[in-house]
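Working notes for the structure below.
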Amino acid sequence: MHKDFYRTTEATSLYNHIEQSSTLEILKNINTEDQKVAIEVEKQIPQIQLLIDAAAEKLMNGGRLFYIGAGTSGRLGLVDASECPPTFGVSPDLVVGIIAGGQKAMFHAVEHAEDDTAQAWLDLQAHKISALDMVVGIAASGTTPYVIGGLQKCKEAGIKTGSISCNKNSPVSAAADFPIEVVVGPEFLTGSTRMKSGTAQKLVLNMISTTVMIKLGRIKDNKMVNMQLTNQKLFDRAVKMIMDELQISDETLAAQLLKKYGSVKISTEAYLKGNY
């Protein structure tokens, strides 16, 4: 499949005889390659903006955001989706990660899962996918059949799509309404897309989820006022946020508000209404 498509992600590493290098040389060379990633992401900001604006519009109108991917790309989608509820206080159903091979593929490679062109659509249908929603396919190579097949079926069903890949003019881009191509060049280890390509995908996913949530009003000023208070560190941070927001020095009162109302946003709103 796509035999004539040139994959820079498969290009030979710029570093030879790596096994003969010292630890310091290996680390410096990995870091040299990593520094190239953010520069390439910057070049794609106009495309990333288009995808984000389309996704935010869908979510503002009752839709959801889905990530589909295989291997490292699928795992990165799952991580980004799973971090939205605790960070922004949204439902786990708002941003959903789907990986080829199912949840077990998060920890173990599932043989040939990424080669099934029909399964992604079946996985999406299990969530009752509709034209209200948006689907972003993640594939470092840009050739993953699971992702391409899913995006093609989405397009047939009138569902808006985006993609994140690391090769120019990739097949997955052709299947997406809003393609993002972060061409990071050869990996430090030839073909090991868990490295620079994975970093690029993570940076773009951070941009997507964070910016969409800001546009949805889940952030105030620069603070996570809707975060879930899942541990003492986050509770203490939230108490300080309430004190800063209300310009009060009473830590006990701020903690009482937080225990009563459960979030920074609701606590501050209640205090300003005199409900404390």
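Among the residues making up the range 234-276, those that are free of Cβ contacts under 8 Å to residues at least 40 places away in the same chain and outside any helix (DSSP H, G or I) are GLN247, ILE248, SER249, ASP250, GLY262, LYS273, GLY274, ASN275, TYR276. Please determine whether any residue of the range 86-97 is in a helix (DSSP H, G or I), at pLDDT 95 or above and among the acidic types (Asp, Glu). No.
The set of residues in the range 6-27 being surrounded by 12 or more Cβ atoms within 10 Å (Cβ to Cβ), in a helix (DSSP H, G or I) and of a type outside the set (Ser, Thr, Tyr) consists of GLU10, ILE18, GLU25, ILE26. Looking at the range 218-240, is at least one residue of a type outside the set (Asp, Glu), outside the structural domain of ARG75 (by TED's automatic domain parsing) and surrounded by 24 or more Cβ atoms within 10 Å (Cβ to Cβ)? Yes, there is a match, as at least one residue in the range 218-240 is of a type outside the set (Asp, Glu), outside the structural domain of ARG75 (by TED's automatic domain parsing) and surrounded by 24 or more Cβ atoms within 10 Å (Cβ to Cβ).
A residue that is in contact with a Gly (Cβ under 6 Å, 6 or more places away or on another chain) and more than 15 Å from PRO179 (Cα to Cα) occurs nowhere in the range 47-64.
Is it true that ILE48 is within 22 Å of ASN226 (Cβ to Cβ), touching a residue at least 12 places away in the same chain (Cβ under 8 Å) and assigned to a helix (DSSP H, G or I)? Judged against the criteria, ILE48 is not a match.
Residues of the range 154-183 that are within 16 Å of GLU114 (Cβ to Cβ) and more than 18 Å from the chain's Cα centre (by Cα): ASN167, SER170, PRO171, ALA175.
Across the range 155-176, the number of residues qualifying as of a type outside the set (Val, Ile, Thr) and either in contact (Cβ under 8 Å) with a residue 60 or more places away in the chain or assigned to a loop (DSSP other than H, G, I, E, B) (or both) comes to 12.
The values are calculated or read from the model by the stated rules, or taken from the named source; none is laboratory data. Since the structure is predicted, the reported quantities are computational estimates derived from the model, not experimental observations. Methodologically, a virtual Cβ is constructed for each residue, glycine included, from the backbone with ideal geometry; neighbour enumeration extends over all protein chains shown.
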